[in-house]
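Asker: This structure is in structure tokens; I'll ask about it shortly.
The values are calculated or read from the model by the stated rules, or taken from the named source; none is laboratory data. These numbers come from a predicted model, not from an experiment. Here Cβ is always computed from backbone atoms with ideal geometry, including for glycine, and neighbour counts include all displayed protein chains. Accessible surface is based on the protein model in full, side chains and every heavy atom, while ligands, DNA and RNA are left aside. Shrake-Rupley method; radii C 1.70, N 1.55, O 1.52, S 1.80 Å.
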Amino acid sequence: MKIAVCIKRVPDSETRVKIAPDGKSLDEAGVKFVLNPYDEFAVEEALRRKEQAGAGEVVIVCLGPAAAQETIRSALAMGADRGVLLQTDRIPADGFEVAKALAAELKDGGWDLILFGKMAIDDYNHQVGPMVAELLGLACVTAVAHLELAPGTGTAEREIEGGIEVVEFPLPAVLTTEKGLNEPRYPALKGIMAAKKKPLPTKPVALPPGGIEVLALLPPAERKDGRIVGEGPDAVAELVRLLREDAKVL
Amino acid sequence: MTAVLAVLEQRDGALRKVSHEVVTGARRLADGLGGEVEALVFGTGPVRGTDQLAKYGADRVVTATGAAFASYAPEGFARAVAEHAQAGGYRAVLFAASATGKDLAPRVAARLRVALAMDVTDVAMEGGAVTATRPVYAGKALLRVQLGGAPAILALRPNVFTPVERPRPGAAATVALDLPAGRVIVKHVKAAAAGAVDVAEAPIVISGGRGLKEPANFKLLEELARAFGGSAAVGASRAVVDAGWRPHADQVGQTGKTVSPTLYVAVGISGAIQHLAGMRTSKVIVAINKDKDAPIFKICDYGIVGDLFEIVPRLTEEIKKAVGH
């Protein structure tokens, strides 16, 4: 099993968003960056599939700034074999440009699987995996919550509104992973030490801005201060009256 | 001139409600362009509900029929939409950012080699350009963007574009497409429990957190949801999903679903930042929590401080009386 896992360095989910002076981007001062949580499922799945096959290679591919080497190392510490950083300080808002850069790196790699998290928790673009599949002409299933593989073929389950789609696909394929697919391992100390010695070449890339121009990054609409209706079950009647007469939602 | 293509969804031969929202978003852009809206839906035959689309602003409704379109076929649909979009020369192509739309829109954008704005909560024509607003960092910030692609491709977040009546001709047409489904095949759909509403699309969401104390107590929330008469879904915080009490499909928050229901009721949820991010765009928020200093009370519209095990059953009774179920 030769598996590529495409990952992203993102602000931790506890981050309080502060907007940079340019009014278009995140102020990164004091922000803790982590491996995108959905990508952890992709890394874990790749490692399990390689372990089950008894042979193969798991390669981490990341587009990002120099600091993303640390993010790649965290995936190597989980057990991946090697990494590559496509280094750029500017990740365009247009996910298709990101997909083109990744597809150029992955092309002709002889992969059995190319895995992505279903989305990144910073830009919520939710698109790079299936775009890479289109560019490489590979089959693709997104938001995979359960996976079974057989020689040359696979079956995946993906959540849809009010149900689960059971999807068959041929290998090689691009899959994007959903929470629930597996329980990602924590890197052991031995893995962290080993990760420091694993190959991690850096290739500079320059991406065009593409078809999306950022006009502004804005704070979300403020909500009015909350109002405590009362305490205990006796406040329920007043709450229901407010929902009906004030908020008009009943 | 047909300006905007609205790609709709059906299940089991009936149009999904989110389709009206996509037509509403498309109408808004088409009005800005002084053009027409064409709605496109796939099926094996006629799709129930398409006759209602004129009311929401569709100038033309095209039903593309083919044996491959019985259920969602990612590659067949992507090819059909891309070819249709290319032939029609639209300024914009709109999808729902539903489970299907999130899968289909990126494939179509890549085939057309243009950009895609995902999970959009507002669209407009400004100075001749398509602009969109989309929540990023799980709703902790909003990104305003301008799309340069021809066509501009957008997927609209469910429950945000309230359908507006805006009657247009809605001329119906059917085209037979003899296309293969592709290599990726949906074998079947395991349906959730009958009548279950998805948290991402439900107009009312009742969510529970660690304050429920144990998984079995979620039945209190299920009873409250039922009192609303089938329009409410039960959601959950990350803590209880990670503990295995509830399925991930129900999780609201940054690593779960971002929701915008008309009414969000948070029960026994303290309001961690990553949860607030997932539900802060709800129209009305009610919080029930025993800790009066819980962060959830800072963003709720109405709060009740106290024991949820006393408050929720009373609320269920009062809602039954108020809505008559």
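Asker: Tell me the strands (runs of 3 or more DSSP E) entirely within segment B:36-153 that contain at least 1 residues that are touching a Pro at 6+ places or on another chain (Cβ under 6 Å) and more than 8 Å from chain A (Cβ to nearest Cβ).
Answerer: Passing ranges, in order: B:92-96.
Asker: Out of B:249, B:243, I need the residue that is under 21 Å from residue B:217 (Cα atoms), at the interface with chain A (Cβ under 7 Å from one of its Cβ atoms), open to solvent by 20 Å² or more (accessible area, probe 1.4 Å) and of a type in the set (A, V, I, L, M). Which one?
Answerer: That would be B:249, the only listed residue that is under 21 Å from residue B:217 (Cα atoms), at the interface with chain A (Cβ under 7 Å from one of its Cβ atoms), open to solvent by 20 Å² or more (accessible area, probe 1.4 Å) and of a type in the set (A, V, I, L, M).
Asker: Give, as residue ranges, the strands (runs of 3 or more DSSP E) completely inside segment B:170-240 that count at least 2 residues that are within 30 Å of residue B:276 (Cα to Cα).
Answerer: It comes to B:204-208, B:232-236.
Asker: Looking at (1) more than 13 Å from chain A (Cβ to nearest Cβ); (2) modelled with pLDDT under 95, which is the only condition residue B:222 fails?
Answerer: (2)
Asker: Same structure, new question: The conditions are (1) open to solvent by less than 10 Å² (accessible area, probe 1.4 Å); (2) within 14 Å of chain B (Cβ to nearest Cβ), and residue A:59 fails exactly one of them. Which is it?
Answerer: Of the numbered conditions (1) open to solvent by less than 10 Å² (accessible area, probe 1.4 Å); (2) within 14 Å of chain B (Cβ to nearest Cβ), the odd one out for residue A:59 is (2).
Asker: Could you please let me know if residue B:166 is farther than 20 Å from residue B:94 by Cβ and either of a type in the set (Gly, Ala, Ser) or open to solvent by 30 Å² or more (accessible area, probe 1.4 Å) (or both)? Please lay out each step first, then the result.
Answerer: Working: farther than 20 Å from residue B:94 by Cβ: no; either of a type in the set (Gly, Ala, Ser) or open to solvent by 30 Å² or more (accessible area, probe 1.4 Å) (or both): yes.
Against the criterion (farther than 20 Å from residue B:94 by Cβ and either of a type in the set (Gly, Ala, Ser) or open to solvent by 30 Å² or more (accessible area, probe 1.4 Å) (or both)), residue B:166 does not qualify.
Asker: Another question about this same structure. Looking only at segment B:303-319, decide whether some residue is surrounded by 23 or more Cβ atoms within 10 Å (Cβ to Cβ) and outside any helix (DSSP H, G or I).
Answerer: Yes, segment B:303-319 contains a residue that is surrounded by 23 or more Cβ atoms within 10 Å (Cβ to Cβ) and outside any helix (DSSP H, G or I).
Asker: Exactly one of (1) open to solvent by less than 10 Å² (accessible area, probe 1.4 Å); (2) touching a residue at least 60 places away in the same chain (Cβ under 8 Å); (3) under 20 Å from residue B:100 (Cβ atoms) is unmet by residue B:63. Its number?
Answerer: (1)
Asker: Still on this model: Are any residues in segment A:217-235 open to solvent by less than 20 Å² (accessible area, probe 1.4 Å) and assigned to a strand (DSSP E or B), and if so, which ones?
Answerer: Within segment A:217-235, A:217, A:230 qualify.
Asker: Then there is this: Tell me which strands (runs of 3 or more DSSP E) are completely within segment A:78-191 and hold 2 or more residues being within 18 Å of the chain's Cα centre (by Cα), or say none if there are none.
Answerer: Of the strands (runs of 3 or more DSSP E) lying wholly inside segment A:78-191, those with at least 2 residues that are within 18 Å of the chain's Cα centre (by Cα) span A:82-87, A:113-117, A:139-150, A:153-160, A:173-177.
Asker: Does residue B:228 meet the test of being surrounded by fewer than 24 Cβ atoms within 10 Å (Cβ to Cβ), at negative phi, of a type in the set (A, V, I, L, M, F, W, C) and within 12 Å of chain A (Cβ to nearest Cβ)?
Answerer: Here the answer is yes, as residue B:228 does meet what is asked.
Asker: A further question on this structure: Could you identify the single residue in B:169, B:163, B:203 that is under 30 Å from residue B:28 (Cβ atoms) and out of contact with any helix residue (DSSP H, G or I) (no Cβ under 8 Å at 6 or more places or on another chain)?
Answerer: B:203
Asker: Regarding residue B:277, is this residue farther than 15 Å from residue A:232 by Cα, at pLDDT below 95 and buried (at least 20 other Cβ atoms within 10 Å of the Cβ)?
Answerer: It is true that residue B:277 is farther than 15 Å from residue A:232 by Cα, at pLDDT below 95 and buried (at least 20 other Cβ atoms within 10 Å of the Cβ).
Asker: Right, here's the next one. Considering each of A:161, A:238, A:245 in turn, give the residue that is charged (D, E, K, R), within 12 Å of another protein chain (Cβ to nearest Cβ) and buried (at least 17 other Cβ atoms within 10 Å of the Cβ).
Answerer: On the way: A:238 fails: buried (at least 17 other Cβ atoms within 10 Å of the Cβ); A:245 fails: buried (at least 17 other Cβ atoms within 10 Å of the Cβ).
Selected residue: A:161, the only one of A:161, A:238, A:245 that is charged (D, E, K, R), within 12 Å of another protein chain (Cβ to nearest Cβ) and buried (at least 17 other Cβ atoms within 10 Å of the Cβ).
Asker: Here's another thing I want to ask about it. Take residue B:40 and tell me if it is farther than 24 Å from residue B:176 by Cα and either open to solvent by less than 20 Å² (accessible area, probe 1.4 Å) or in contact with a helix residue (DSSP H, G or I) (Cβ under 7 Å, 6 or more places away or on another chain) (or both).
Answerer: Numbers: farther than 24 Å from residue B:176 by Cα: no; either open to solvent by less than 20 Å² (accessible area, probe 1.4 Å) or in contact with a helix residue (DSSP H, G or I) (Cβ under 7 Å, 6 or more places away or on another chain) (or both): yes.
It is false that residue B:40 is farther than 24 Å from residue B:176 by Cα and either open to solvent by less than 20 Å² (accessible area, probe 1.4 Å) or in contact with a helix residue (DSSP H, G or I) (Cβ under 7 Å, 6 or more places away or on another chain) (or both).
Asker: While we're here: Cβ-Cβ distance below 8 Å, separation of 6 or more or different chains: which pairs start in segment B:78-94 with a residue that is over 27 Å from residue A:141 (Cβ atoms) and surrounded by 24 or more Cβ atoms within 10 Å (Cβ to Cβ) and end on one that is at pLDDT below 95 and of a type in the set (Ser, Thr, Tyr)?
Answerer: B:90/B:2
Asker: So if I check each of B:139, B:128, which one is modelled with pLDDT under 95 and open to solvent by 40 Å² or more (accessible area, probe 1.4 Å)?
Answerer: After applying the criteria, what remains is B:128.
Asker: So residue A:194 clears everything in (1) touching a residue at least 24 places away in the same chain (Cβ under 8 Å); (2) touching a Phe, Trp or Tyr at 6+ places or on another chain (Cβ under 7 Å); (3) more than 7 Å from chain B (Cβ to nearest Cβ) except one condition, right? Which one?
Answerer: (2)
Asker: Quick one: what pairs do we get from segment B:22-33, first residue within 13 Å of residue B:58 (Cβ to Cβ), second open to solvent by less than 10 Å² (accessible area, probe 1.4 Å) and assigned to a helix (DSSP H, G or I), C-beta under 9 Å, 6+ apart or different chains?
Answerer: Hits for this filter: B:22/B:101; B:23/B:53.
Asker: Can you find even one residue in segment B:211-219 that is over 30 Å from residue A:23 (Cα atoms), touching a residue at least 12 places away in the same chain (Cβ under 8 Å), small (Gly, Ala, Ser) and more than 8 Å from every other protein chain (Cβ to nearest Cβ)?
Answerer: Yes, segment B:211-219 contains a residue that is over 30 Å from residue A:23 (Cα atoms), touching a residue at least 12 places away in the same chain (Cβ under 8 Å), small (Gly, Ala, Ser) and more than 8 Å from every other protein chain (Cβ to nearest Cβ).
Asker: Considering only residues that are open to solvent by less than 30 Å² (accessible area, probe 1.4 Å) and of a type in the set (D, E, K, R), look in segment B:1-27 and name the one that is farthest from the chain's Cα centre (by Cα).
Answerer: Among those residues, the one meeting the criterion is B:27.
Asker: Taking the condition of being over 16 Å from the mean Cα position of the chain (by Cα) and under 26 Å from residue A:108 (Cα atoms), how many residues in segment A:1-48 meet it?
Answerer: Of the residues in that region, 5 qualify.
Asker: Test residue A:204 against the criterion of being under 37 Å from the mean Cα position of the chain (by Cα), at the interface with chain B (Cβ under 7 Å from one of its Cβ atoms) and open to solvent by 80 Å² or more (accessible area, probe 1.4 Å), and give yes or no.
Answerer: Details: under 37 Å from the mean Cα position of the chain (by Cα): yes; at the interface with chain B (Cβ under 7 Å from one of its Cβ atoms): no; open to solvent by 80 Å² or more (accessible area, probe 1.4 Å): yes.
For residue A:204, the condition - under 37 Å from the mean Cα position of the chain (by Cα), at the interface with chain B (Cβ under 7 Å from one of its Cβ atoms) and open to solvent by 80 Å² or more (accessible area, probe 1.4 Å) - is not met.
Asker: What residue, among those in segment B:280-302 that are part of a strand (DSSP E or B) and facing another protein chain (nearest Cβ under 8 Å), is surrounded by the fewest Cβ atoms within 10 Å (Cβ to Cβ)?
Answerer: B:284
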